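Participant: Structure below; questions to follow.
The values are calculated or read from the model by the stated rules, or taken from the named source; none is laboratory data. Remember, it's a predicted structure, so these values are computed and weren't measured experimentally. Counting neighbours? That spans all protein chains shown, and the Cβs are built from the backbone with ideal geometry, glycine included. SASA here: full protein model, heavy atoms, side chains in, ligands and nucleic acids out. Shrake-Rupley method; radii C 1.70, N 1.55, O 1.52, S 1.80 Å.
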Amino acid sequence: MGTELSTCTPAEFFEAAAGFPPLPFQLAWMENEPGATIRTLEAPTGLGKTLATLVGWLWDRKERPGVTPRRLVYQLPLRTLTDQIAVECRAVLARLGMPIPVCVLRGGLVDDQYLEDLAKECVIVGTLDQVVSRQLMRGYCTSRWSWPRHFAALNSDVRVVVDETQLQGAALLTAIRLQQLHDQLGSYHPRELVLCSATLDPHHLPTGAPRFSLAEADYAHPIGLRKVCRPKTLTLAGTVDPVALVLERHQPGTLTLVVVNQVRRAQEIYAGLAGCPRLLLHSRFRRVDRQGIEAMVKTFRGVVVATQTVEAGVDLDARLLVTDLCPWASILQR
């Protein structure tokens with residue numbers, strides 16, 4: 001770390017890491033010393049929860065290394081999110097000039113570099129199956145003789161960030177219970193749990209767990225005002241044919257996102273939009289094909305027809321959203 005970063009303020013440190021000034025909630029997260037081992041970070045999608053948790057951990061390691069875990073672990077529900085966050089983490093660390101490795105744990109790509117030296121700092125980004133199986137000493141894609149090492153690496157001296165909690169299912173409750181067991185039984189090294197979501201269900205939280213979310217300053221901030229407070233017109237289409245609705249409302253040169261609840265329905269709508277620039281995205285594609293489509297989606301202008309896999313998997317900015325009815329948490333994500 002450069003001399004200028006060793007003496008900088010939290011805001012200056014964040015700007016050096018991200019390339020732009022922090023939002024009020026991101027700065028408050030950095031300045032707030034952890035007082036509980038289970039915390040939440042609740043903010044609308046796209047405002048930078050990942051940046052807040054990553055830069056916050058780096059700041060804590062700089063300012064409070066004796067009480068801040070050496071490893072930051074992201075537990076994610078989707079492979080797409082895993083790849084995106086790994087890229088973001090490497091970019092932040094490169095800007096700061098920090099040689100901290102980023103290890104990815106997901107099907108088809110398992111980087112166990114973190115086992116080589118548990119005394120060194122590391123960022124681990126993995127899907128929930130890979131992370132939780134190791135925390136339960138049944139690590140997927142590992143030799144059973146190495147299970148205790150993975151168990152130690154992912155349960156002690158770690159700050160575990162469970163992102164997109166609404167998609168984690170039983171893994172969310174498992175993460176909370178593992179943290180509670182650590183708090184009850186104790187350990188030589190610290191362990192912390194951060195629950196992140198735009199739609200966190202408070203019923204899952206332990207009694208007394210502090211909740212951190214946006215303040216008035218965030219809603220008054222130009223970026224927060226534009227992303228969160230901008231009016232969005234909601235129209236109930238009823239029994240209108242979705243193909244006809246899209247063809248009527250879509251504006252050439254913009255992105256229209258159609259999200260439905262079934263793969264077959266997505267395929268039918270996609271077929272009905274022949275002649276219109278369109279892409280189809282759902283969970284039944286082969287991985288290599290799906291990765292190619294996801295790479296195209298980010299700059300695509302036309303109609304993207306997708307299932308709920310797009311809710312947390314790809315960052316998109318669409319002018320028009322056409323969606324099936326679904327649970328309220330999914331509506332907010334979309």
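Participant: For the range 204-237, how many residues are more than 23 Å from the chain's Cα centre (by Cα), open to solvent by 60 Å² or more (accessible area, probe 1.4 Å) and among the hydrophobic types (A, V, I, L, M, F, W, C)?
Facilitator: Summing the residues that are more than 23 Å from the chain's Cα centre (by Cα), open to solvent by 60 Å² or more (accessible area, probe 1.4 Å) and among the hydrophobic types (A, V, I, L, M, F, W, C) in the range 204-237 gives 3.
Participant: Of everything in the range 152-170, what is closer than 15 Å to D129 by Cβ, surrounded by fewer than 19 Cβ atoms within 10 Å (Cβ to Cβ) and of a type in the set (A, V, I, L, M, F, W, C)? Give them in sequence order.
Facilitator: A170
Participant: Identify all residues within the range 176-197 that are surrounded by 19 or more Cβ atoms within 10 Å (Cβ to Cβ) and either of a type in the set (F, W, Y) or at pLDDT below 90 (or both); write none if there are none.
Facilitator: S197
Participant: Still on this structure, I have one more. Quickly run through the range 269-290 and pick out the residues that are surrounded by fewer than 15 Cβ atoms within 10 Å (Cβ to Cβ), part of a helix (DSSP H, G or I) and free of Cβ contacts under 8 Å to residues at least 40 places away in the same chain.
Facilitator: Correct list: A271, V288, D289.
Participant: Among the residues of the range 276-329, which ones are in contact with a Gly (Cβ under 9 Å, 6 or more places away or on another chain) and under 13 Å from T80 (Cα atoms)?
Facilitator: Within the range 276-329, L281, R287, E294, D315 qualify.
Participant: A follow-up question, please. Name the residue that is nearest to R64 (Cα to Cα), counting only residues in the range 115-139 that are without any contact (Cβ under 8 Å) to a residue 24 or more places away in the chain and not in a helix (DSSP H, G or I).
Facilitator: Ranking the qualifying residues of the range 115-139, first place goes to D117.
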